[in-house]
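Asks: Quick one: structure below, then a few questions.
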Amino acid sequence: MSAAGAIPSVAANAVKIPLVGLGTWDLRGRTCVRMVEQALRLGYRHIDTAEMYDNEREVGEGLHASGVKRGEVFVTTKVWPSHFAPRELERAARDSLARLRLREVDLLLLHWPNPQIPLADTLGALCKVKRDGLARHIGVSNFTVKLVEEAVRLSTEPLICNQIECHPFLDQSKVIAACRKHDMAVVAYSPIARGSARNDKLLARIGAAHGKTAAQVCLRFLVQQDIVVIPRTSKEQRLSENAGVFDFSLSAAEMREIAGLAHRDGRIVDWSYSGRAQWD
Ligand SMILES: NC(=O)c1ccc[n+]([C@@H]2O[C@H](COP(=O)([O-])OP(=O)(O)OC[C@H]3O[C@@H](n4cnc5c(N)ncnc54)[C@H](OP(=O)(O)O)[C@@H]3O)[C@@H](O)[C@H]2O)c1
């Protein structure tokens, strides 16, 4: 990757979000510190973590070690659903900030829906956390079309994103359309399908035509639709590869071919414990 700031942003409710960020789920200890620090040195300006990842301390350490100014980095964390009761949510947000050693995060998300606690109560608490200055912006994750509509109706503050599983092997067009309707960014998690994109023959063939890897074609397919991607890697050489998706474009025919990879059971992340059936 070239100079800092080379990664473009997308706007959602007038908020700019860098189109490529570093995912950190499963990055632990020194590896996590090193990857966050190195990503920022290479020009990444967006880091994704969560209280559930149990690595906010290491993410904070990497952020501080990088020397990049706080105002230049977009930091997201997420509240786990067991902390959705209003008082718990505020405490969870404060605990995350203490671990990250930050005064505020750029984006605080509800990690998964929790059908046990009224969404109105949880969103009320999330909005208050924003008003109190603990989070510059707020949003949701793993919300279905129905839940996106309900959340937008209930929230007194703009919801700037829905972070969802999104890659060429899964059709997310309905929930993407719902987000667009409300000017919410779509942030794609598992954007390279947990690494399996690298073995896909179509992505590899298209990549070869552009001098790019299958993983880069996979990420380009998303960012070319203004979908934010947060690929995770524990390997420094892949940081540049995953951010190197802005110096080529896919033709309309290539985009159509890649969209054809989507299938119904393309989901990787297990939704079964989230009570999803109640929300569809
Ligand atoms: N909101 C949610 O509920 C939720 C759920 C899941 C994930 N997330 C977020 O989204 C982030 C990304 O999703 P993910 O971690 O599930 O999956 P992912 O980013 O699609 O894939 C990560 C895997 O791909 C490999 N990889 C990375 N770059 C590669 C490349 N250029 N070529 C080939 N393989 C490559 C990595 O291995 P190496 O380490 O060996 O490179 C790792 O095994 C997470 O880290 C987390 O921050 C959010």
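Asks: Once a ≥ b ≥ c are taken as the square roots of the eigenvalues of the Cα gyration tensor of the chain, is the result rounded (a/c under 1.5), prolate (a/b larger than b/c) or oblate (a/b not larger than b/c)? Don't jump to the answer; show the numbers that get you there.
Replies: Details: a/c = 1.79, a/b = 1.23, b/c = 1.46.
Verdict is oblate for the chain.
Asks: Over the stretch 14-143, what is the mean sequence separation of C-alpha contacts under 8 Å (at least six apart), divided by residue count, expressed as relative contact order in percent?
Replies: Taking the mean separation of contacting Cα pairs over the length of the stretch 14-143, I get 22 percent.
Asks: Defining a contact as two alpha carbons under 8 Å apart and six or more residues distant in sequence, what relative contact order in percent does the chain show?
Replies: Reported as a whole number, the value is 19 percent.
Asks: Could you give the length gained by full extension between Arg267 and Glu236, i.e. 0.36 nm per residue of separation minus their alpha carbon distance, to one decimal place? All intermediate terms of the calculation are to be shown ahead of the outcome.
Replies: Values: separation 31, 0.36 × 31 = 11.16 nm, distance 2.72 nm.
Net length gain for the segment: 8.4 nm.
Asks: Once both labels are modelled 7 Å past Cα along the beta-carbon direction, what's the Arg153-Lys128 spacing in nm?
Replies: 2.3 nm
Asks: Hey, another quick one. Considering only Cα-Cα distances, which of the following residue pairs are longer than 24 Å: Lys16/Lys212; Lys78/Lys128; Lys212/Lys235; Lys174/Lys212; Lys16/Lys130; Lys69/Lys128?
Replies: Lys16/Lys212; Lys174/Lys212; Lys69/Lys128
Asks: Something else now. Indicate the gyration tensor shape class of the stretch 1-128 (rounded, prolate or oblate), computed on the Cα atoms with a ≥ b ≥ c the square roots of the eigenvalues: a/c under 1.5 is rounded; otherwise a/b larger than b/c is prolate and the rest oblate. Walk me through the numbers before you get to the answer.
Replies: On the way: a/c = 2.26, a/b = 1.58, b/c = 1.43.
Note, shape of the stretch 1-128 comes out prolate.
Asks: Can I ask one more? Amide H of His46: which non-local residues (sequence gap of 5 or more, or other chain) have their own amide H closer than 5 Å, using H built in the peptide plane?
Replies: Here Leu22, Phe74 satisfy the definition.
Asks: Once the piece of chain linking Ala14 and Arg70 is laid out straight, how much longer is it, given 0.36 nm per residue of separation minus the C-alpha distance between them?
Replies: Extra length available between Ala14 and Arg70 comes to 18.2 nm.
Asks: Roughly what % antiparallel, to the nearest 5, for the DSSP beta bridges in the chain?
Replies: About 15 percent, rounded to the nearest 5.
Asks: Of the accessible area of the chain, with the probe set at 1.4 angstrom, what percent is carbon plus sulfur?
Replies: The value for the chain is 49 percent carbon and sulfur by accessible area.
Asks: Contour minus end-to-end for Arg30 and Ala259, with contour as 0.36 nm per residue of separation and end-to-end as the Cα-Cα distance?
Replies: That pair, Arg30 and Ala259, stretches by 78.7 nm at full extension.
Asks: Continuing with the same structure: Counting only heavy atoms of the protein chains, get the accessible area per residue of the chain (1.4 Å probe) and round it to a whole Å² value. Write out the running numbers ahead of the final one.
Replies: Working: 12200 Å² over 280 residues.
I get 44 Å² per residue for this part.
The values are calculated or read from the model by the stated rules, or taken from the named source; none is laboratory data. Nothing here was measured: the structure is a model prediction, and the numbers come from that model. Methodologically, a virtual Cβ is constructed for each residue, glycine included, from the backbone with ideal geometry; neighbour enumeration extends over all protein chains shown. Side chains included, ligands, DNA and RNA excluded: accessible areas come from the protein's heavy atoms. Shrake-Rupley method; radii C 1.70, N 1.55, O 1.52, S 1.80 Å.
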